[in-house]
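Trainee: Pasting in a structure now, in structure tokens, and then I'll have a few things to ask.
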Amino acid sequence: MVQITATGMSSEILSRAQSKLKPFDHGSSDDFASQLTKAVGEVAKTQNDADTAMKAYESGDEVDVTKVMLAREKSSLAFEATVQIRNKLLSAYKDITTMPV
């Protein structure tokens, strides 16, 4: 792990954060790519659940309308949140690439 040195007021912040800093483990399942993949998978699952509930309702199965509407809203909100996260990531990437070195 790279040692970070502190001067002035940052020493207090660093002392509080030092316990939370840990070396990056390349084999860890908590890396960004795996977390993103898992999140997108969960969004896809909510969309599939909503689609299944909607098809069951349309085919005449005994499905509560409120459950169908809740599944659709949950799916819609998850998708909208994913789009907003994508927009923020693209904005951050653009900011980093245009940053003067």
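Trainee: May I ask you to list the residues in the stretch 29-43 that are surrounded by fewer than 13 Cβ atoms within 10 Å (Cβ to Cβ) and in contact (Cβ under 8 Å) with a residue 12 or more places away in the chain?
Mentor: Hit for the stretch 29-43 is Glu42, nothing else.
Trainee: Can you tell me which residue in the stretch 55-101 is farthest from Leu36 (Cα to Cα), limited to those that are of a type in the set (Val, Ile, Thr) and outside any helix (DSSP H, G or I)?
Mentor: Out of the qualifying residues, it is Val63.
To keep it simple, each residue is scored yes or no on (1) within 24 Å of the chain's Cα centre (by Cα); (2) among the β-branched types (Val, Ile, Thr).
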| residue | (1), (2) |
| --- | --- |
| Glu62 | no, no |
| Val65 | no, yes |
| Ala71 | yes, no |
| Ser75 | yes, no |
| Ala78 | yes, no |
| Val83 | yes, yes |
| Arg86 | yes, no |
| Ser91 | yes, no |
| Met99 | no, no |
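Trainee: Among the candidates Thr52, Thr46, single out the residue that is of a type in the set (Val, Ile, Thr), touching a Lys or Arg at 6+ places or on another chain (Cβ under 6 Å), in a helix (DSSP H, G or I) and surrounded by 12 or more Cβ atoms within 10 Å (Cβ to Cβ).
Mentor: Thr46
Trainee: On to the next question. Going by what's in this entry, would Ser11 be described as part of a loop (DSSP other than H, G, I, E, B), of a type in the set (S, T, N, Q) and at pLDDT below 85?
Mentor: Working: part of a loop (DSSP other than H, G, I, E, B): no; of a type in the set (S, T, N, Q): yes; at pLDDT below 85: yes.
No; evaluated as a whole, the condition is false for this residue.
The values are calculated or read from the model by the stated rules, or taken from the named source; none is laboratory data. Treat the numbers as computed from the prediction; the structure is a model and nothing was measured. Backbone-built Cβ (ideal geometry, glycine too); neighbour counts: all protein chains shown.
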